[in-house]
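The values are calculated or read from the model by the stated rules, or taken from the named source; none is laboratory data. What you see is a predicted model, and the numbers here were worked out from it, not measured in a lab. For neighbour counting, all protein chains shown are included, and Cβ atoms are generated from backbone atoms with ideal geometry for every residue, glycine included. Please note that ligands, DNA and RNA were not included when accessible areas were found on the heavy atoms of the full protein model with its side chains. Shrake-Rupley method; radii C 1.70, N 1.55, O 1.52, S 1.80 Å.
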Amino acid sequence: MSTAYLVMLILLIVYIPIWVWVWRNPEKAARWHLQKYGPCIMIKTQLGMKTMDRLAAYPRFWHAFGFASKLVSAVLFFLMMYMLIVALLAVPSRLASGSSIGIEYALAIPGFNPIMPLSYGIVALFFAMVVHELGHGIQARVNGIRVESSGLLYVVVPMGAFVEPNEEEMAKKPRKAQIDVYAAGITVNTVFAVISILLMIFACGFVSSDYGDSAGVYYVDDGSPAYNAGIPASALIIGISDEDGNLLIGTNEAGQTAGDLTTTLSGSAAYLNYDFDPTQRYIITYMTEDGTHTSTATQMGLYVKAITSGSGADEGGITAGTFIYSITMDGTTTVIGGYGEFNAFMASTTGGETIVVTTVSVMDDTGAYTMEDHTVTLGTRNSIGFLGVTTTTGGLTFTTPDQLLDRAVNPFYNTTDAYSYVTALFSYLSGPFNGMDPISDEVKWWYDAPGGDLTWIFITLMYWIFWLDILLAISNALPTYVLDGGFIFAGGVSWFLEKLGVRDPERNRKLTDSIAGNVSTVVLFLFILVILAMVI
């Protein structure tokens with residue numbers, strides 16, 4: 001059993017008797033400000049009440065804010081449903097692959113979740129929950145609804161904060177006021193997400209790099225030749241020599257130079273402008289934070305990192321862990337020296353064409369290798385031929401310091417149309433899964449930041465406040481009654497039915513309850529299904 005599951009089991013064993021005691025002794029529990037709430041325990045306090053009243057003293061502003069909240073919630077609703085649909089479509093392939101990220105990734109517990117640092121995570125999560133519930137409380141007070149209590153919601157682990165508006169007063173208020181209360185938390189989170197990322201971008205504007213367009217290693221594939229040669233992620237490649245030590249390009253450890261080692265940007269990555277021969281070995285000179293180093297001889301070229309299931313490459317017998325040496329089509333052979341040649345060749349193909357791909361195995365200790373031909377029928381993607389391989393350079397994924405900084409401060413990096421803006425935002429939100437927050441600690445030595453560690457602390461904190469606020473906002477827009485989005489969706493259904501002519505209050509209420517309740521149940525089931533597919 002993994003440590004994460006063991007910790008969860010211990011926490012569950014501790015939680016169950018506490019919940020049972022609160023359930024069986026409600027009066028005693030109330031003295032400790034505890035109350036059962038389904039499978040949860042509410043820890044009730046009076047914290048923040050005076051702040052809500054003071055901020056609610058500006059009703060005109062908050063009524064305008066309520067109108068804006070409806071628009072923001074609608075946009076985030078469509079974004080969240082898009083994310084859910086995409087995730088559902090990926091469930092079969094994820095289940096077939098047998099891969100999982102582990103339950104620890106599904107819980108927003110700083111320090112326990114591998115992508116959430118303890119210190120930054122605690123501060124950002126506490127901030128996101130507090131301002132979310134503060135938004136609900138302010139709108140309740142603006143609309144004349146009493147707030148009975150505030151506090152924390154606890155179920156095995158702390159799950160969030162809450163405010164408790166008076167239910168009777170809430171039920172008597174018109175639909176507009178109710179939606180304003182439920183939508184306020186989502187919009188407050190969104191506002192603070194925008195503010196924090198703008199502050200982060202402002203601070204990053206003072207960060208610079210002396211290695212702006214250098215070839216930076218961002219990731220090293222396990223088991224690849226580069227991995228076995230000991231080249232670390234965060235290295236800056238400065239020179240390439242042949243196996244005999246003759247410098248081919250760049251600068252070696254002795255300070256000799258032979259032309260410029262340049263990179264070309266491609267989407268969110270970069271590649272080296274050099275034609276490698278995977279039947280040869282190379283010596284790589286690179287820089288790390290502690291100086292200049294030289295790798296052992298390593299194979300370089302277009303390394304096949306992964307194969308898309310069911311693709312032409314898969315059916316043609318190409319395997320991960322080999323190099324693409326050449327591609328033959330219509331009797332003409334193109335030698336593939338790297339990503340540039342491969343990309344140019346694939347751009348000239350169309351789906352349905354047949355090619356022969358020659359691969360080279362990883363060399364053994366003696367330098368021996370094997371070559372194999374694979375007959376492949378290309379698929380189609382983006383109107384051109386699709387082989388179905390994920391590739392790197394000898395096992396190295398490259399970026400440049402300037403490109404990495406640009407990606408860190410721009411959620412819409414490399415966008416070209418409306419659809420790409422949506423996909424770019426989701427890609428940016430997945431940054432922590434790829435070690436970005438927004439710049440990983442390992443590569444901060446690439447940059448000069450005035451103020452040193454204090455600047456990086458501020459940038460990282462703003463990033464995590466942005467990340468958790470926007471994630472809390474988007475997730476709460478899901479149309480299920482366990483979240484704010486369920487109540488907002490019900491209000492929208494009621495309004496829509498009224499526009500269709502269902503003006504009788506009782507009939508409108510029954511139809512709304514039926515539609516919103518069924519949607520809430522289905523969406524919650526699908527959401528849980530996606531989570532289980534990811535963590536099990």
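Some values worked out for this structure:
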read-out: Sequence-distant lysines (8 or more away, or on other chains) whose Cα lies within less than 27 Å of K173; value: K36, K44, K50, K70, K499, K510
read-out: Hydrodynamic radius by Kirkwood, which averages 1/r over all alpha carbon pairs of region 328-436, in angstrom; value: 17.0
read-out: Rounded if a/c under 1.5, otherwise prolate or oblate - region 265-389, Cα gyration tensor axes; value: prolate
read-out: For the chain: accessible area per residue (Å², 1.4 Å); value: 50
read-out: Segment T319-L454, extension gain: residue separation times 0.36 nm, minus the distance between their alpha carbons; value: 43.9 nm
read-out: Per residue Cα convex hull volume in Å³ - calculated over region 150-284; value: 230
read-out: Region 241-295, relative contact order in percent, only Cα pairs under 8 angstrom and at least six apart counted; value: 30
read-out: Listed residues L248, A184, L265: farthest to the positive end of the dipole of region 178-333 (Cβ charges); value: A184
read-out: Chain lengthening between T264 and D504 when straightened (0.36 nm per residue, less Cα-Cα); value: 79.9 nm
read-out: 0 to 90° range, to nearest 10: angle between helix 118-142 axis and the chain longest Cα axis; value: 40
read-out: 13 Å reach of a label modelled at L425, 7 Å along Cα-to-Cβ, counting backbone N of region 170-184; value: none
read-out: Magnitude of the charge dipole, region 327-386, Cβ model with Lys/Arg +1 and Asp/Glu -1, debye to 20; value: 280
read-out: Crossing angle, helix 418-429 versus the chain [Cα axis fit, 0-90 degrees, rounded to tens]; value: 90
read-out: At R0 = 41 Å, FRET efficiency that the Cβ-Cβ distance of R31 and F433 yields, to 0.05; value: 0.40
read-out: Given charges at Cβ of Lys, Arg, Asp, Glu: region 328-446 dipole, positive-most of F412, G352, T332; value: F412
read-out: 5 Å binning of all Cα-Cα separations within region 400-502, expressed as whole percents from 0 upward; value: 2, 11, 15, 16, 14, 12, 10, 7, 5, 4, 2, 1, 1
read-out: Helix-only mean residue ellipticity at 222 nm for the chain, each DSSP H run of n ≥ 4 adding -39500 (n - 2.57), per residue, nearest 500; value: -15000 deg cm²/dmol
read-out: Degrees, to the nearest 10: 59-97 long Cα axis against longest axis of the chain; value: 50
read-out: Three-way shape label, region 459-536, alpha-carbon gyration tensor, a/c 1.5; value: oblate
read-out: Calculated diffusion of the chain, Stokes-Einstein form, Kirkwood radius summed over Cα pairs, 10 °C and 1.306 mPa s, µm²/s; value: 59
read-out: Radius 14 Å from Cβ of D210, net charge of other residues (Lys, Arg +1; Asp, Glu -1); value: -3
read-out: Long-range HN-HN contacts of R281 with modeled amide H, under 5 Å; value: E243
read-out: Hz values of 3J(HN,Hα) by residue in region 453-470 - Karplus curve (6.51, -1.76, 1.60), Gly and Pro given as x; value: 4, 5, 5, 5, 4, 5, 4, 5, 5, 4, 4, 6, 5, 4, 4, 6, 5, 5
read-out: Residues in region 33-50 that a label on E169 would reach, taking backbone N under 18 Å of a point 7 Å out along Cα→Cβ; value: 45-50
read-out: Ordering of 228-239, 199-210 by packing [mean C-beta count within 10 Å, highest first]; value: 228-239, 199-210
read-out: Amide proton proximity set for T391, modelled H, under 5 Å, gap of 5+; value: K305
read-out: Accessible carbon and sulfur surface of the chain relative to its total accessible area, %, 1.4 Å; value: 61
read-out: Where the Cα pairs of region 220-305 fall when distances are cut into 10 Å bins, in %; value: 17, 53, 28, 1
read-out: Sites T332 and I18, calculated FRET efficiency, Cβ-Cβ separation with R0 45 Å, nearest 0.05; value: 0.05
read-out: Distant-in-sequence amide H partners of G301 (H built 1.01 Å from N, under 5 Å); value: G394
